[in-house]
Each structure stands twice: as C-alpha cells, then as structure tokens.
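Colleague: Can you keep this structure in mind? I'll have questions shortly.
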Amino acid sequence: MSLIKSVSGIRGTIGGTAGHNLTPQDAVLYTAAFATWLKYTHNTPTVIVGRDARTTGEQLTMIVCNTLIMCGINVIQAGLTTTPTLALGVECSHAQGGIMLTASHNPAQWNALKLFNQKGEFLTAEEGKVVLNIAHKNDIIYAEWNMQGVNKQGIDFLQYHINQICALPLVDIEAIKNANFKIVVDGINSSGGIAVPAILKALGIRHIKEMNCEPTGHFAHNPEPLPQNLTSVCNEVTSAEYDLAIVVDPDVDRLCFICEDGSMFGEEYTLVAVAKYVLQHTSGNTVSNLSSSRALKDITISAGGQYYASAVGEAHVVQKMKEVNAVIGGEGNGGVIYPPLHYGRDALVGIALFLSALAKFGKPASFYRATLPQYHISKNKIELTPDIDIDIVLAGIKSQYAGHDTDITDGVKINFDAEWVHLRPSNTEPIIRIYAESATNATADYLAEKIIKDIKELIN
C-alpha cells in the first residue's frame, strides 16, 4: 500500500514500512515539512492539532505535536474533535495552521494528516505542492534547543463552533423547537457521538436516541455513510417512530439522513436539500464537484442562480466557490460548505440548516425529499494494482467516447443527453471510482457496468 498524498492530506494504513504505509517516520516527515513551510512566513507559528476517535489517534497525536514543537512551532491540542471544529478553531485562535488526524470515511486501519492553512481551510493545490516538495527533498531544519515551541491553552472549540452555527440568520431555533423532532443519531463510535447530540441539544431537540455514540474508535460498521452500512439505524427509525436519523462519518464532515419511513434521504441529496433552503432566502450561485448529482444544478437554475462544477476534493470546491461567489456548495458525498460560517465541509451546520428547512416545511422528511429533482446515482469502484496504468485507462475511455461531450478536469466525465458517467482515481484510496447518474437506478447501474466493462478490457 503506497501512501496517498493529495489535496485530501497524507493518508495511509498504519504500520508496515516507511514510504509505503503511514508510519512514525512518515508522520514526522510530513509534519516537519508542514512546519517548515509555515516558518517561511512566520517566526513562531501556532498550530492546532486534533483527532477523531481512531485507536491510533492518541499515539499519532503525540508524534505530530512533539515534531511540531521540535520544529519551533507552538501547539494547541484540541483533542478529540471534528474536522470542521478544528478548522473554525484555527480561525478563531488566529493560529497559522492546523492538523486534523483522521482518515475520514476510511476503515479503522487507516489514519491521515489533514493540513489546514491559517484561514482554517485545506491547503490549496499550490500550498500542498510546496509542502510535498519540502518532504521530498527532506529540506527540513529543526529548531535549536532554546527555540523550541510550547504547548498552549485553547478554548472550548466545539462550544465555539455550536455558538457560531446557532447565531446564523438561517438557523431557526424556534421553528426547530416547535417541530418537536424525535431523532436517532449514529455517531460511528467517533467524534460525532459527542458533537451531533451537542448541536441537537443546542437547537432545542429534546428526544434524541444515541446509537454508537461512545467515541471508542471501534467502528460499529463500515464508517462510510452508505445505505448498505446503515441497516441497523434504518430499522431503529421505523421501530420507534422517529422523525429522522442523522449519520456522520468519523470526523463529521460528511452527513446523511434517513427518513421517518426508514428510507435513505440519500447522501447526494444532503447538499441539494440544504441548498434549496438557502437559495429560498439568499440568491446566488452554487458549486459541487463533477461526481455530484445534477439535482443541484436544477434547483440553482430554478432559483435564478448559476451552477458551477469543480474537480473532486474540498480544496477544489472551495476555490471554485470563491471564484464564482457561491452562496453554498459542497460535494455529493454529504459534504455541505456554507460560507457565512466557514469554507469547509461541515456536518453540524448542515444539520442545523436541514432541520430549519424541515421544520418550516411542516411535513415528514420523505415528503421533503420528494420535492427535489429525482435522479439516481450508481457508485462503484475498481481496486488499483501496481500493473494498472491509470493514465492509459483514462486516455482509452476518453478516446472510446470521443463522440460525446467529455470533461477531463478530473479524470473523465462523459455527459450523455440525460445522464452522465464519471471515472477518476480516488484522492483517498487506491481505487478508481466510477459514478453514473440517470433518472432510474436501472439505467445508472447499466451505464456504470458498461464503463467498468470498458475499463477491464483496457486493463487486460
């Protein structure tokens, strides 16, 4: 397994050999490279370090924090937290950077370093290249004995995060209270088990059923919030007549809902539903990545705005949102980015805006889902092996479908009359992702299977 270095951070499985897995040497190397980059512009920077509940998180935290200190960086330890909370913490503390230790939706054997700049945003592609180049050249100088960094005290970042959300004009706490929702929370035995009940209580929710909310790091199911991983929580919703279930990934930047009848609201529709509510009150443009549902484009145009697509990855989405002054954006994996709070995927603000919309709608979640444009996405993947040349695969598919509208911004996206297929190498796993969208599940599955067959022929 090679380390994956991308706009989504430095990610790998724990153990094994340096340079091929995420080992202590790799953690030191990339932390020191990040510290060196920060010191190009600041004499004694401050960095906030947090983690999700993975069982390797505490050990990795000690390595990262001590490396920063020995590079002359001051450290604020946020402890067990969420990725969006850490991002806001960087901003409110006027720190120069942040490191969140989480592999997001990846299984428990994975961990990662997500790197933030002083804006509390993921490093841009340009910033990331500089850090990776420093690491590649091992161009690192540690601090002298009397120039070491120190541990500094921080504030209660989660409470700050919740306060900022509750103060947003579009978050209607009174309407949410009056709706008297009964909600199930699946915290996947990580940070969401603390953060999601906390935001719900702040919003006035009185009936909360907590599932998998002990932050042990021993995930109760596959941590990616997909339908096949959520059967238990679906059953819980219907057995006790709850209004909604909320499911997050281990670092709480992805969000999905389950309706009152146990049906999936659909992680693709998390952003669409929240965007519909925002666009009803704020005119403007929207952005999502190339692998996201065209439902966002439909509702944006209906609201009088313009829709734009970016490459996959939070940093790319944020860059495009700033370029077009988008009022909301995100990714179809359940990631909501709401600029009045901050430029980062944030499940907690997504929850607050969604519940505001649902409370004002006045009908069950499944009814709200029915008001949105109806599309179906088929999500598939092919494992990458060392003998697969991904560039040859992408070039072959592009050539094979040259007669259609294709977009090569990120992998290859083929646009047909009423559907599309997108294939691209993942930023977070050694796989090729193949997504297809159509008006029916059957057609979306057929399109995906056709492309997978084409890829396998090219590989062979």
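The values are calculated or read from the model by the stated rules, or taken from the named source; none is laboratory data. Small disclaimer: the values here were computed from a predicted structure and weren't measured. Virtual Cβ from ideal backbone geometry, glycine too; neighbours counted across all protein chains shown. Note: areas computed on protein heavy atoms with side chains; ligands, DNA, RNA excluded. Shrake-Rupley method; radii C 1.70, N 1.55, O 1.52, S 1.80 Å.
Colleague: Enter the accessible area of MET147 (Å², nearest 10), with the probe set to 1.4 Å and all protein chains included.
Modeller: Accessible surface of MET147 is approximately 120 Å².
Colleague: With both partners inside the chain, how many of the DSSP beta bridges are antiparallel, as a percent to the nearest 5?
Modeller: If I count the DSSP bridges inside the chain, around 55 percent turn out antiparallel.
Colleague: Just to verify a number: what accessible area does LYS381 come out at with the full protein assembly present, 1.4 Å probe, Å² rounded to tens?
Modeller: 110 Å²
Colleague: I'd like to check one number: the per residue accessible area of the chain, probe 1.4 Å, reported in Å² as a whole number.
Modeller: Values: 18260 Å² over 460 residues.
That works out to 40 Å² for each residue.
Colleague: Roll a 1.4 Å probe over the protein heavy atoms and report the accessible area of ASP407 in Å², nearest 10.
Modeller: 40 Å²
Colleague: Right, something else. Exactly which GluC sites (Glu not before Pro) in region 237-287 are in a DSSP loop and have at most 14 other Cβ atoms within 10 Å?
Modeller: Working: sites: GLU241, GLU260, GLU267, GLU268; in loops: GLU241, GLU260, GLU267.
Sites meeting the loop and neighbour criteria: GLU241.
Colleague: Which cross-chain or sequence-distant (5 or more) residues have an amide H under 5 Å from the amide H of LYS152, H modelled 1.01 Å from N in plane?
Modeller: The list, which skips near neighbours in sequence, is VAL75, ILE76, GLN77.
Colleague: Please give the net charge around HIS221, taking every other residue with its beta carbon less than 12 angstrom from that of HIS221, where Lys and Arg add +1 and Asp and Glu add -1. It would help to have the intermediate numbers written out before the result.
Modeller: On the way: positive: none; negative: ASP186, GLU224, ASP249.
So the surrounding residues net to -3.
Colleague: Give, as ranges by residue number, the residues of region 357-384 whose backbone N falls under 17 Å from the point 7 Å along Cα→Cβ of ALA442.
Modeller: Residues passing the 17 Å test: 375-378.
Colleague: I would also like to ask the following. For region 74-200, what % of the accessible area comes from carbon and sulfur atoms, probe 1.4 Å?
Modeller: 51 percent
Colleague: Could you work out [θ]222 nm for the chain from helices alone, using -39500 (n - 2.57) per DSSP H run of at least four and dividing by all its residues? Round to the nearest 500 deg cm²/dmol. If you can, show how the numbers build up before the last one.
Modeller: Working: 15 runs with 173 residues, N = 460.
Computed mean residue ellipticity for the chain: -11500 deg cm²/dmol.
Colleague: Carbon-plus-sulfur fraction of the accessible area of region 360-431, 1.4 Å probe, in percent?
Modeller: 51 percent
Colleague: I'd like the chymotrypsin sites (Phe, Trp or Tyr not before Pro) in region 6-55 restricted to DSSP loop residues with at most 10 other Cβ atoms within 10 Å, sorted by number.
Modeller: TYR40
Colleague: To the nearest Å, what is the center-to-center distance of region 219-281 and region 1-71, using C-alpha atoms only?
Modeller: Centre-to-centre distance over Cα atoms comes out at 31 Å.
Colleague: Could you tell me, in Å, what Rg and Dmax come out for the Cα atoms of the chain?
Modeller: Considering the chain through its Cα atoms, Rg and Dmax are 21.6, 66 Å.
Colleague: Also, I was wondering about something else. Sort ASP417, ASP261 by heavy-atom solvent-accessible area, probe 1.4 angstrom, most to least.
Modeller: Largest accessible area first, the list is ASP417, ASP261.
Colleague: Additional query: Hey, rough spin-label estimate for LYS152 and LYS137, points 7 angstrom out along Cα→Cβ, what's it come to in nanometres?
Modeller: 2.8 nm
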